[in-house]
Amino acid sequence: MTHTPRLPLLAGLPLAVGAGLAIPVQGRINGALGARLNDGIAAAVVSFSTGLVLMILISLVLPKGRAGLAKIVPAVRNRAFPPVYVLAGGIGALFVFAQSFTVGLLGVALFTVATVTGQTVSGLLVDRLGIGPAGKKPVTGIRIIGCVLTIAAVAWAVSPRFAAPAAASAGASGAAGGPETLLLPLLLPVLAGFLMSFQQAMNGTATVHYGTPIAATLVNFVAGSVVLWTAWGIKVAVAGPGSPLPGEWWYYVGGPMGCVFIGLGALLVRSLGVLVTGLGMIAGQLLGSLGLDLLVPAPGTIVAPATVLGTVLTLAAIILATLPWPRGAFRR
């Protein structure tokens, strides 16, 4: 096992926020690519494949990447960690599936709240079970309060987007019969968000044994690409291919941004734990979304006061959950 250095909270948390900033930018790019191709699964395949190519190059060019690459097979063969951890990239593929199949029905706002709820709850659970490399972390009252405030703040921040887009989507898909028709589609993003914490824990553990997050990120993109290429092959066989690939370079930046998100997540969970890493990325996601809406707004975008205030409250909730409270305080 190779022991990667631990980062202090004041250094690690800003990195987690920075990693979260890539998520809405990646979502905007992949969404535009999906619309251009008229195929959300194809857009996900392109995103994962470009990320995979980049990670292969990094793994071959950088000395640390080559060292990590050489440790993948021995670590798996010697069962340094449960072999199922190499399939963590499939969780990323599930998240993309959830985006492709439910955002049009639920709307972006409800999808965001669903995934954040799942991720925040599972962050507590994963830390309590000690699945990640940081070991067991107690479920304290203050951490629970921070999680509840985070979910409430995210719901408030995205609340201006609930009404019109969600209603239009529901009407277009014939789901206007009542909230019960949204129950099953809502469970998919909740499940995807819930599993994201497990993905980060598995990647963090693998990183400790590989000695670098480069190898863990590469394995993620291999697993996710296999899942998505298989799904796209089935889709093409049933419904045929979508439109040809565009020539503009920026459509292909989503994959490299995924490399940043997955790699930093794998690095940070050992130092911060799964919950705090996830909360930091949620804050970055909201800040990135707010920045996009202000600087490069999509058609019909309105930045409401609730969006700004909800983002600020999210940051406050994360600070509350990560403060170094006295040992034993609020412990459950």
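The values are calculated or read from the model by the stated rules, or taken from the named source; none is laboratory data. Remember, predicted model here, so these are calculated numbers, not experimental data. Cβ sites come from the backbone with ideal geometry, for glycine too, and all protein chains shown count toward neighbours. Side chains included, ligands, DNA and RNA excluded: accessible areas come from the protein's heavy atoms. Shrake-Rupley method; radii C 1.70, N 1.55, O 1.52, S 1.80 Å.
Report ³J(HN,Hα) in whole Hz for each residue of region 274-291, in order, from the Karplus equation J = 6.51 cos²θ - 1.76 cosθ + 1.60 where θ = phi - 60°; Gly and Pro get x.
Using θ = phi - 60°, the values come out as 5, 5, 5, 4, x, 5, x, 5, 4, 4, x, 4, 5, 5, x, 5, 5, x Hz.
In whole Hz and in residue order, list the ³J(HN,Hα) couplings for region 66-81 that follow from phi through the Karplus curve 6.51 cos²θ - 1.76 cosθ + 1.60, θ = phi - 60°; x for Gly and Pro.
5, 5, x, 4, 5, 9, 5, 5, x, 5, 6, 5, 7, 6, 5, 8
Which of the lysines could a cross-linker bridge to K71, judged by Cα under 27 Å and excluding same-chain residues fewer than eight apart?
List returned: K136.
Take peptides 122-129, 77-84, 45-52 and line them up by average Cβ neighbours within 10 Å, highest first, as a rough protection proxy. Walk me through the numbers before you get to the answer.
Numbers: 122-129: 22.2, 77-84: 11.8, 45-52: 24.1.
In descending order of packing, they fall as 45-52, 122-129, 77-84.
Rounded to a whole number of µm²/s, how large is the Stokes-Einstein D of region 196-293 at 10 °C and 1.306 mPa s, given Rh as the Kirkwood radius over C-alpha pairs? Please list the in-between numbers first.
On the way: Rh = 15.5 Å.
So the translational diffusion coefficient is about 103 µm²/s.
For region 219-232, just list the computed ³J(HN,Hα) in residue order, Karplus coefficients 6.51, -1.76 and 1.60, θ = phi - 60°, integers in Hz, with x standing in for Gly and Pro.
Karplus values, whole Hz, x for Gly and Pro: 4, 4, 6, 5, 4, x, 5, 4, 4, 6, 5, 5, 5, 5.
How would you rank 219-225, 257-263, 137-143, highest first, on the average number of other Cβ atoms within 10 Å across their residues?
Working: 219-225: 25.0, 257-263: 23.0, 137-143: 16.9.
Ranking the peptides 219-225, 257-263, 137-143 by packing returns 219-225, 257-263, 137-143.
Provide the per residue accessible area, probe 1.4 Å, for region 1-69, rounded to a whole number of square angstrom. Each step should come with its number before you reach the end.
Numbers: 3370 Å² over 69 residues.
On a per-residue basis, 49 Å².
What ranking, highest mean first, results for peptides 228-234, 314-320 when packing means the other Cβ atoms within 10 Å averaged over each residue?
On the way: 228-234: 16.1, 314-320: 19.4.
So the order, starting with the most tightly packed, is 314-320, 228-234.
Quick check on region 184-235: take the gyration tensor over C-alpha atoms, sort the square-rooted eigenvalues as a ≥ b ≥ c, and tell me if it's rounded (a/c under 1.5), prolate or oblate. Before the final figure, lay out each step's value.
On the way: a/c = 4.96, a/b = 1.38, b/c = 3.59.
In terms of gyration-tensor shape, oblate.
So what is the orientation-averaged projected area of region 38-107, using the convex hull of its C-alpha atoms, in nm²? Each step should come with its number before you reach the end.
On the way: hull surface 24.7 nm².
So the Cα hull casts an average projection of 6.2 nm².
Would region 62-160 count as rounded, prolate or oblate if I go by the C-alpha gyration tensor, calling it rounded below 1.5 in a/c and otherwise prolate when a/b exceeds b/c, oblate otherwise? Walk me through the numbers before you get to the answer.
On the way: a/c = 2.79, a/b = 1.52, b/c = 1.84.
The shape class here is oblate.
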